[in-house]
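Beneath this line is the structure, given in structure tokens, with notes to follow.
The values are calculated or read from the model by the stated rules, or taken from the named source; none is laboratory data. Every value quoted in this text rests on a predicted model; they were computed, and no experiment measured them. Virtual Cβ from ideal backbone geometry, glycine too; neighbours counted across all protein chains shown.
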Amino acid sequence: MTDLAAIFRNEQGIARFSISQLSSIARTVGKTLALPLAGILIFLMLWQGVANNINTSLGQFPGPVQVWEQSKGLLAEHQRERKKAAAFYQRQEDRNAKRLAKNPDAEVKIRSYTGKATFLDQVITSLYTVSFGFLIATVIAVPLGIVCGLSEKVYQSVNPIIQTFKPVSPLAWLPLVTMVVSALYVTDDPMFEKAFLTSAFTVALCCLWPTVINTTVGVTSIDRDLVNVSRVLQLPSLVHVRKIVIPSAIPMIFTGMRLSLATGWMVLIAAEMLAQNPGLGKFIWDEFQNGSSDSLGRIMVAVVTIGLIGFLLDRLMLLLQKRISWDKQAILR
Amino acid sequence: MKNPYLEISHIGIEFATDGEPFRALQDVDLSIDKGQFVSLIGHSGCGKSTVLNIIAGLYEASEGGVILEGREVDKPGPDRAVVFQNHALLPWLTVYQNVELAVKRVFRKTKNKAEMHEWIEHNLSLVHMDHALHKLPGEISGGMKQRVGIARCLAMQPKVLLMDEPFGALDALTRAHLQDSLMEIQTSLGNTVIMITHDVDEAVLLSDRIVMMTNGPAATIGEILDVNLPRPRDRLALAEDADFIHYRQQVLEFLYDKQKNPQIEKKPTDSARKLQEVACKPASSQDDAAVDTGKTTTGTDKTRAA
Ligand SMILES: Nc1ncnc2c1ncn2[C@@H]1O[C@H](COP(=O)(O)OP(=O)(O)OP(=O)(O)O)[C@@H](O)[C@H]1O
Ligand SMILES: [Mg+2]
């Protein structure tokens, strides 16, 4: 009997404990979410208020409600396009199947669907382009930064070039890159489209510099004692770089890469707008030229999407850094 | 006459600065036999680390040179392992991997994998660190890190073990403990050791010879004291030992009488001197020790005066 009572008490204890724990979790979640949510809510209200009072030649400036409607519209449009494409391929296949049934030797072809690129298609194109450009930049910038950080002489000779090219706007590069790509990239069976390469190279040219500079700084600020350990051990250069230089410079390398990716994303949209290369930038420009009453709302959807993707890309880099970094305790922001 | 094992031959060094070049060392000349334990002692900034770095090959002397076993030292190498003041472990490698990095370099041609593994564990157990093989340096205490730093150097089987204030940043208890371990290891392995220290007791307890340096600039060797205390040495027994006290007294006299701390010289009175010492040397435990010995000296000065 007493045992039972004890168990009962105990269970109640456990229950009480877990309830109090739950409520504390709820409180912390509430605290971490409450402020951002409040901020967003106030922002949306202000936005709507201001939007209602701005009238343009293309109608009223879009508020959050209109943007929400337009984003649903864009999604529906995308699904319609997809269905059309599927139907188009289905028709071809049916036709080919019939032809093969009549004559097994007949040459059959499948033509690809050339419908209008939807908003989602453009988002994916942009993401793909920025990743490619960023990849090129990183592959060049990190080794270059390491060499600059290791050798004072290389740094002295490369620094003026870096400092000169760093402030150049992507729009200045764009015509040059376009011409160079058209001149040099001549193959019968192109793996990439020229427009894609132009955008990607422009992105790469602009997002090289933050990574180069931050990697250089990271490498030059390695603890002198660690360098001395390496000298005493007479580590060969490659081992020195792998075991000592890269691990100590990793945080700075990532800082540079995050800056680069953010720059690259901004640059890409501008380049796409100017060069009419496929992507989100082109979407915005087309809508602007279109000038329908929906246009501003659709552009606003693109603006918000660009922002969210930029945010997401940065978070992704942060996750990657957490995976790679040796210092699991470090607080990354 | 037989050549000495390690010969530091009339070295001097000038550092380039913005203005006039700064002469840190002038004509430092010292011969060390194999298996000897030598301490370098002197006031802060006199150039002890510079001497050690020249022997290690990390700095290049402006004049003179260092000869180890008949060969001139011209670059750093694993035959002159350095224990750095703040351990200098690679924070991204575990205790085991830190030692492994050194062992792999030094024994890459002479030991196979299993032998290396055994050798790494053996050296870590010498410093009683075999229980934390797979911890990162950030997860162990300061004293433990220093022990791993020592193990890394011992594992390289250097001809000369160079130690720059190896126990400087540790608390007194841990320091005593590590001093005992070091004495034990040195007795059994017979390493040649050069150790920089600020601690007079540590110098007398551990060394065969104590090299006392004059104040910079252009510092040089002031006096050399041979410590002929029998080994193994026991810190408790020695505390009362007349010879020990005598040796200690001699070092203190050199440091606080013949080579007054350059920062204190301008202040004549004792109280001002003490204040100055406290003010000049904040925080770290090693510096507290220096202040302590400073007080002892002023005490002995008074006894002598009386
Ligand atoms: N790389 C350098 N460039 C210029 N001056 C230097 C350099 N290294 C040391 N010095 C100068 O040489 C002198 C001796 O320095 P060192 O580090 O050898 O002193 P120390 O005796 O080890 O002092 P501490 O006990 O405080 O460690 C100092 O005056 C210091 O300023
Ligand atoms: Mg020093």
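Here are B:Ala114, B:Ala102: which of them is more than 12 Å from chain A (Cβ to nearest Cβ) and among the aliphatic types (A, V, I, L, M)?
On inspection, the qualifying residue turns out to be B:Ala114.
Residues checked against (1) modelled with pLDDT of 90 or more; (2) more than 12 Å from the chain's Cα centre (by Cα):
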{"residue": "B:Leu154", "(1), (2)": "yes, yes"}
{"residue": "B:Pro158", "(1), (2)": "yes, yes"}
{"residue": "B:Gly168", "(1), (2)": "no, no"}
{"residue": "B:Thr174", "(1), (2)": "no, yes"}
{"residue": "B:Ile185", "(1), (2)": "no, yes"}
{"residue": "B:Ile196", "(1), (2)": "yes, no"}
{"residue": "B:Leu205", "(1), (2)": "yes, yes"}
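Residues are listed down the side, and each one gets a yes or a no for (1) part of a strand (DSSP E or B); (2) hydrophobic (A, V, I, L, M, F, W, C); (3) more than 24 Å from A:Arg231 (Cα to Cα); (4) away from ligand 1 (no atom under 16 Å from the Cβ):
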site	(1), (2), (3), (4)
B:His43	no, no, yes, no
B:Ile54	no, yes, no, no
B:Tyr59	no, no, no, no
B:Gly65	yes, no, no, yes
B:Asp74	no, no, no, yes
B:His87	no, no, no, no
B:Glu100	no, no, no, yes
B:Arg105	no, no, no, yes
B:Ser125	no, no, yes, yes
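Suppose we keep only residues that are closer than 21 Å to A:Val123 by Cβ, in contact (Cβ under 8 Å) with a residue 24 or more places away in the chain and exposed (fewer than 15 other Cβ atoms within 10 Å of the Cβ) within segment A:278-313. Which one would you say is nearest to the chain's Cα centre (by Cα)?
A:Val304
Restricting to segment B:89-98, and then to whatever is in a helix (DSSP H, G or I) and in contact (Cβ under 8 Å) with a residue 40 or more places away in the chain, can you tell me which residue is farthest from the other protein chains (Cβ to nearest Cβ)?
If we take residues in segment B:89-98 being in a helix (DSSP H, G or I) and in contact (Cβ under 8 Å) with a residue 40 or more places away in the chain, then B:Val95 is farthest from the other protein chains (Cβ to nearest Cβ).
Go over the candidates B:Leu154, B:Leu161, B:Leu136 one by one and state the one that is surrounded by fewer than 22 Cβ atoms within 10 Å (Cβ to Cβ), of a type in the set (A, V, I, L, M) and more than 16 Å from ligand 2 (Cβ to nearest atom).
Only one candidate passes the filter, namely B:Leu136.
Take the conditions under 21 Å from the mean Cα position of the chain (by Cα) and assigned to a loop (DSSP other than H, G, I, E, B) and apply them to B:Gly149. Does it pass?
Against the criterion (under 21 Å from the mean Cα position of the chain (by Cα) and assigned to a loop (DSSP other than H, G, I, E, B)), B:Gly149 does not qualify.
Does B:Asp18 count as of a type in the set (Asp, Glu), more than 14 Å from chain A (Cβ to nearest Cβ) and within 15 Å of ligand 1 (Cβ to nearest atom)?
yes
Check A:Ser230, A:Ser260 and return the single one that is assigned to a helix (DSSP H, G or I) and within 13 Å of another protein chain (Cβ to nearest Cβ).
Unique residue meeting the criteria: A:Ser230.
Identify, please: which residue in segment B:72-88 is more than 8 Å from chain A (Cβ to nearest Cβ) and hydrophobic (A, V, I, L, M, F, W, C) and is, among those, farthest from the chain's Cα centre (by Cα)?
Looking at residues that are more than 8 Å from chain A (Cβ to nearest Cβ) and hydrophobic (A, V, I, L, M, F, W, C), I get B:Val73.
Go through B:Ile245, B:Ile194, B:Ile210, B:Ile185 for me and flag whichever is away from ligand 2 (no atom under 16 Å from the Cβ), of a type outside the set (D, E, K, R) and not in a helix (DSSP H, G or I).
Residue meeting the stated conditions: B:Ile210.
Here is a yes/no grid of residues against (1) within 16 Å of ligand 1 (Cβ to nearest atom); (2) more than 24 Å from B:Ile13 (Cβ to Cβ):
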| residue | (1), (2) |
| --- | --- |
| B:Lys145 | no, yes |
| B:Val148 | no, yes |
| B:Leu170 | yes, yes |
| B:Ile185 | no, yes |
| B:Val193 | no, no |
| B:Ile210 | yes, no |
| B:Ala218 | yes, no |
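Name the one entry in A:Arg95, A:Arg111 that is in a helix (DSSP H, G or I) and either over 23 Å from the mean Cα position of the chain (by Cα) or surrounded by fewer than 13 Cβ atoms within 10 Å (Cβ to Cβ) (or both).
Being in a helix (DSSP H, G or I) and either over 23 Å from the mean Cα position of the chain (by Cα) or surrounded by fewer than 13 Cβ atoms within 10 Å (Cβ to Cβ) (or both) holds for just one of A:Arg95, A:Arg111, which is A:Arg95.
So in segment B:76-85, with the set limited to residues that are more than 16 Å from ligand 2 (Cβ to nearest atom) and in a strand (DSSP E or B), which one is surrounded by the most Cβ atoms within 10 Å (Cβ to Cβ)?
By that ranking, first place goes to B:Ala81.
Considering only residues that are among the aliphatic types (A, V, I, L, M) and without any contact (Cβ under 8 Å) to a residue 60 or more places away in the chain, which ones fall in segment B:155-195?
Result: B:Ala155, B:Leu173, B:Ala176, B:Leu178, B:Leu182, B:Met183, B:Ile185, B:Leu189.
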